[in-house]
Amino acid sequence: MNASTQASPAATTTSTPSATRSNPVITLILGSTIVAAAAILTGGAGHARSAAATDMASRMENLPRIFGLARTGDARQIREAIKAGDLVNAVCPELADDLPRGSSPLMVAARHGRAETVRQLRRAGALVNARAQNGWTPLHVAAAFWQVEVIDALAEAGEDLEVTATMRGGLTPAQLAEQMGQEGAAAKLRELEATVQTAAQAAISTR
């Protein structure tokens, strides 16, 4: 599945033209489309895919090393990078890897379905409720890219996880998954919401 196909459902989460213009994911989609269109004019669809991949690779190369490692899921190299001083809560200043500005390494791992990397980064202190500029949390990323195993990995944070956090436009992760037609992810997130709500009610009743 190409980058524009993956990211385009997120574009439907805002309903007004002004909101759409401010959405970093939309900006990335448009930028990728321009790159692809230019490549088609100069050599066909194969060149378009190559140009888009090269553009994405160059974006990742300009980021701290841990972002690329979160993408590939190399546990040993991630440990080495952290020991060398890479920050697990580093903030991506650019649009990269189909993610908005302000994304964290944990979000990159979530986007690529790296459940074990998500766990590793959490153990190293990564924030499970970190926010990108468009309001996405790691759970929103998992919902947007249909990563059910990552949802399970994030759920291990227990009560620290903000299951009903809302992104710009007011959608929770479950609502985002539902809007995108991802029934598996939506069901998992609704189940997680119910578990959190039950635990909260139990805590109140014991006071």
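The values are calculated or read from the model by the stated rules, or taken from the named source; none is laboratory data. Predicted model only: the values in this text are computed from it and were never measured. Every residue, glycine among them, receives a Cβ derived from its backbone with ideal geometry; neighbour counts consider all protein chains shown.
Note on the range 140-160: residues that are under 15 Å from the mean Cα position of the chain (by Cα) and outside any helix (DSSP H, G or I) total 3. Pairing residues of the range 154-174 that are in contact (Cβ under 8 Å) with a residue 24 or more places away in the chain and closer than 23 Å to Arg119 by Cα with residues that are among the basic types (Lys, Arg) and surrounded by 15 or more Cβ atoms within 10 Å (Cβ to Cβ), at Cβ distances under 6 Å and at least 6 apart in sequence or on separate chains, gives Ala174/Arg190. The residue pairs whose first member lies in the range 71-83 and is in contact (Cβ under 8 Å) with a residue 40 or more places away in the chain and of a type in the set (Lys, Arg), whose second member is surrounded by 14 or more Cβ atoms within 10 Å (Cβ to Cβ) and part of a helix (DSSP H, G or I), and whose beta carbons are closer than 6 Å, counting only pairs six or more residues apart or on different chains, are Arg71/Val108. Within the range 86-95, does at least one residue satisfy the condition of being in contact with a helix residue (DSSP H, G or I) (Cβ under 7 Å, 6 or more places away or on another chain) and either among the charged types (D, E, K, R) or part of a helix (DSSP H, G or I) (or both)? Scanning the range 86-95 turns up at least one residue that is in contact with a helix residue (DSSP H, G or I) (Cβ under 7 Å, 6 or more places away or on another chain) and either among the charged types (D, E, K, R) or part of a helix (DSSP H, G or I) (or both). Among the conditions (1) surrounded by fewer than 17 Cβ atoms within 10 Å (Cβ to Cβ); (2) within 11 Å of the chain's Cα centre (by Cα); (3) not charged (D, E, K, R), Pro64 misses just one, which is (2). Of all residues in the range 90-117, those that are closer than 18 Å to Gly135 by Cβ have Cβ atoms under 9 Å from Cβ atoms of residues that are part of a strand (DSSP E or B) and small (Gly, Ala, Ser), 6 or more apart or on another chain, in Ser103/Ala96; Val108/Ala96. How many of the residues in the range 96-127 are touching a Pro at 6+ places or on another chain (Cβ under 6 Å) and either of a type in the set (Gly, Ala, Ser) or in a loop (DSSP other than H, G, I, E, B) (or both)? Qualifying residue count, the range 96-127: 3. From the list Gly184, Gly169, the one residue that fits, being of a type outside the set (A, V, I, L, M, F, W, C) and not in a helix (DSSP H, G or I), is Gly169. What are the residues in the range 162-174 that are buried (at least 17 other Cβ atoms within 10 Å of the Cβ) and either among the aromatic types (Phe, Trp, Tyr) or on the phi > 0 side of the Ramachandran plot (or both), if any? If the condition is that a residue be buried (at least 17 other Cβ atoms within 10 Å of the Cβ) and either among the aromatic types (Phe, Trp, Tyr) or on the phi > 0 side of the Ramachandran plot (or both), then Gly169 is the only one that fits. Answer with yes or no whether Ser18 is over 21 Å from Trp146 (Cα atoms) and at pLDDT below 50. Yes: the conditions hold for Ser18. Of the residues making up the range 98-127, just one is over 18 Å from Leu154 (Cβ atoms) and either of a type in the set (Asp, Glu) or surrounded by fewer than 17 Cβ atoms within 10 Å (Cβ to Cβ) (or both), namely Asp98.
Filtering Ala187, Ala177, Ala153 for residues that are aliphatic (A, V, I, L, M) and surrounded by fewer than 22 Cβ atoms within 10 Å (Cβ to Cβ) leaves a single hit, Ala187. Within the range 84-97, identify whether any single residue is at pLDDT 85 or above and either within 19 Å of Val163 (Cα to Cα) or surrounded by 20 or more Cβ atoms within 10 Å (Cβ to Cβ) (or both), and answer yes or no. Among the residues of the range 84-97, at least one is at pLDDT 85 or above and either within 19 Å of Val163 (Cα to Cα) or surrounded by 20 or more Cβ atoms within 10 Å (Cβ to Cβ) (or both), which makes the answer yes.
Residue check: is Ala124 closer than 28 Å to Leu87 by Cβ and in contact with a strand residue (DSSP E or B) (Cβ under 8 Å, 6 or more places away or on another chain)? Criteria not met by Ala124.
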